[in-house]
Every structure is written in C-alpha cells, then in structure tokens.
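Data first, discussion second: the structure below is written as structure tokens.
The values are calculated or read from the model by the stated rules, or taken from the named source; none is laboratory data. Please read all numbers here as calculations on a predicted model, not as lab measurements. A quick note on method: Cβ atoms are made from the backbone with ideal geometry, for glycine too, and the neighbour counts reach across all protein chains shown.
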Amino acid sequence: MASKESAEIPSFTTALPTLRWWTKDTVAIVTGANRGIGFALVKRLAELGLTVILTARDSSRGKEAVEALKSIGLSNSVHFFPLDVSNPSSITKFASWFQVNFSALDILINNAGVSFNEIDENSVEHAETVIRTNFYGPKLLTEALLPIFRRSTSVGRIINISSRLGLLNKLQNPILQKMLMDENNLSEKQIEKMVTLFLEDVKNGKWKNGGWPQVWTDYAVSKLALNAYSVVLAKSYKNFGISVNCYCPGFTQTSMTKGKGKYTADDAAKVAANIALLSPQILPTGRFFTVSSSCGTFSKL
C-alpha cells in the first residue's frame, strides 16, 4: 500500500491545530492504554483538557496507570474501565457502562493490539489471537460505539492505530490486491473472507505460499484487514459526521519491540493526538498517517 502526499493537509508532527475546538466535555476513548503508546496518548489528551477513558484488559494494571496519571494531577479528567477487545462480551459491557456514564463519544482511538513475534522472527502460531485482537477487536468495538458518537460540527473521530506492515504493497496475492484496490466495491464481507482465507492457509500449512506479507505475517494481515475496514467505514460514514483514519506510529520503543525503536511512545502519541484534534474545517477521512510524514490517502494503500 503506497501512500501519496496531499498538499491540502499540513504537517501534523510539530504543532497542535490553531483552532481549539475541544473542551473538558469532549470525550475520548483509548484502548490498550495501561502502557506504551496508549498510556502516552491518554496522558497527552488529558493534558490538553479532554475527558479520557483509559481501557486495559487487566484491571489492576489499568488502575495503576490511572494512579500514575493521578500523581501528576490528571486524575480528574481520566476514567478507567476494563476492556478486552478480543472478547465480545467485554465490549458489550464496556459500551453499556459508557452509555450510563457519558452522554456521547467524540474520539475513539483503537490502540489495543498484540504480536507474539520477536523483531527477527515470523511465526504464525498465534494467528487466530492476533486476528481476533487486532482486526475483529477494533471492528466490533467501533460497531458497538458508532451509535453513541456525538453528532455535532466538531465531527466524531476514529483513529485506528495501524502499521506500514499492513500496506497493500506488502501483499503479493494479485487477486486480493485487486479486490482491496477496488475501493468503490470493497465490502466488510470481502475483508472477512480474506481473513478467513489467511487463517485457513495457516491451519493447512500453506501460508508461506499464499502471497501474504513476509514480515510478521499474522500481524501484517491483521493490519491489512484493519486498513481495508477503515476504507469501508470512512466511505460509509463520510456524510454522517464521523471521520475514520489510520495511523502508523513507526518503529516505536514499546513492549512489542522490546524497547527498541526510533521513536518514543510520547513521540508517537503527540502525532496521534494532533491528528485526533485536527480542526473540523480540515479534518480528512480515509487517510493513512505516519509519525514522520504529513499524510497519505487510502488509495492504493
């Protein structure tokens, strides 16, 4: 998936939008936020004055994260509720809790994700878990929360934390490439069929010859599916006040990379926050952002 630059959208890596449209009543959800990029994002958004919901699978770790934010004076704007995006019942409980406690949602950042590979490995032993967490998790959570988004001039925002590993140029299967490039006819059903095909290839030991991405294959396929789903979602909700974009934080120093990387979690979070808080007048939809470049369209991602 090769992105192309857009001269209409400025760089997001250096400064916040000049128009401060948000207030303390603006509500953001960040999944997988007890550490790493997710935690840094909650911290950044809370510092900027938003109300933020920090979620994590492990309740004790989530509460510890909130306590860490409390120690620097951010507890009043940060709330915690346990959420395992790989568990549909957990998603249902979270959505119900949110509706009881908040009037509407403004920003959803799907950050939770897993990979079981070391940097120089490529095992698909946990492919089902990776797909369930990285693709179906954000998809099911988004679908559960879409009715709760605030309908206003500020525009609802969905940011899916993704990866360049899921860009279309990493896929060598010409049939699937053609399907994903046909954005006008691309559907959720087609994306799910692609994911099912991948899991079948893994089960049958054929994944190495299926034209799938060659680096962190299961993780890459999960992000490929997430990117494609974002295309469909962006198109579907373009006229309903909700923007949908993907963001690749790059090689970031997190537990997934064993602390290695070019960027810190704070670096990645700063850019993600800038994208999430873009002024309504220039807020795009259906874009693929990176930590080091202004933006790219989803065309031929």
Within the group Thr23, Thr55, Thr92, which residue is without any contact (Cβ under 8 Å) to a residue 60 or more places away in the chain, more than 14 Å from Leu141 (Cα to Cα) and among the polar types (S, T, N, Q)? Thr23
Please work out which residue is surrounded by the fewest Cβ atoms within 10 Å (Cβ to Cβ), limiting yourself to segment 97-107 and to residues that are under 17 Å from Trp21 (Cβ atoms) and either touching a helix residue (DSSP H, G or I) at 6+ places or on another chain (Cβ under 8 Å) or among the aliphatic types (A, V, I, L, M) (or both). Ala104
Given the condition within 23 Å of Ile109 (Cβ to Cβ), touching a Leu at 6+ places or on another chain (Cβ under 8 Å), modelled with pLDDT of 95 or more and surrounded by 18 or more Cβ atoms within 10 Å (Cβ to Cβ), answer yes or no: does some residue in segment 249-272 qualify? no
Conditions (1) surrounded by fewer than 16 Cβ atoms within 10 Å (Cβ to Cβ); (2) farther than 30 Å from Ala28 by Cβ; (3) among the acidic types (Asp, Glu) -> Glu188 fails only (2)
Among the candidates Arg157, Arg151, residue that is surrounded by 23 or more Cβ atoms within 10 Å (Cβ to Cβ) and basic (Lys, Arg): Arg157
Which one of these is more than 18 Å from Pro249 (Cβ to Cβ), modelled with pLDDT under 50 and either surrounded by fewer than 21 Cβ atoms within 10 Å (Cβ to Cβ) or out of contact with any strand residue (DSSP E or B) (no Cβ under 7 Å at 6 or more places or on another chain) (or both): Glu8, Glu47? Glu8
List, please: which pairs have Cβ atoms under 8 Å, are six or more places apart or on different chains, and start with a residue in segment 266-288 that is closer than 20 Å to Val231 by Cα and part of a loop (DSSP other than H, G, I, E, B) and end with one that is among the hydroxyl-bearing types (Ser, Thr, Tyr) and modelled with pLDDT of 90 or more? Leu283/Ser243; Pro284/Ser243; Thr285/Tyr237; Thr285/Ser243; Gly286/Ser230
Counting only residues that are among the acidic types (Asp, Glu) and touching a Lys or Arg at 6+ places or on another chain (Cβ under 9 Å), which one in segment 194-224 is surrounded by the fewest Cβ atoms within 10 Å (Cβ to Cβ)? Glu200
Does segment 186-212 hold any residues that are over 22 Å from the mean Cα position of the chain (by Cα) and either more than 20 Å from Phe135 (Cα to Cα) or β-branched (Val, Ile, Thr) (or both), and which are they? Val202, Asn204, Gly205, Lys206, Lys208, Asn209
Applying the selection to segment 50-65, what residues are touching an Asp or Glu at 6+ places or on another chain (Cβ under 8 Å) and outside any loop (DSSP other than H, G, I, E, B)? Thr51
Test for Val85: is it surrounded by 17 or more Cβ atoms within 10 Å (Cβ to Cβ), in contact (Cβ under 8 Å) with a residue 40 or more places away in the chain, among the hydrophobic types (A, V, I, L, M, F, W, C) and touching a helix residue (DSSP H, G or I) at 6+ places or on another chain (Cβ under 8 Å): yes
Within segment 182-211, count every residue that is within 30 Å of Tyr237 (Cα to Cα), modelled with pLDDT of 95 or more and either assigned to a helix (DSSP H, G or I) or touching a Ser or Thr at 6+ places or on another chain (Cβ under 8 Å) (or both). 12
The correct count of residues that are within 16 Å of Met194 (Cβ to Cβ) and surrounded by 24 or more Cβ atoms within 10 Å (Cβ to Cβ) in segment 163-173 is 1
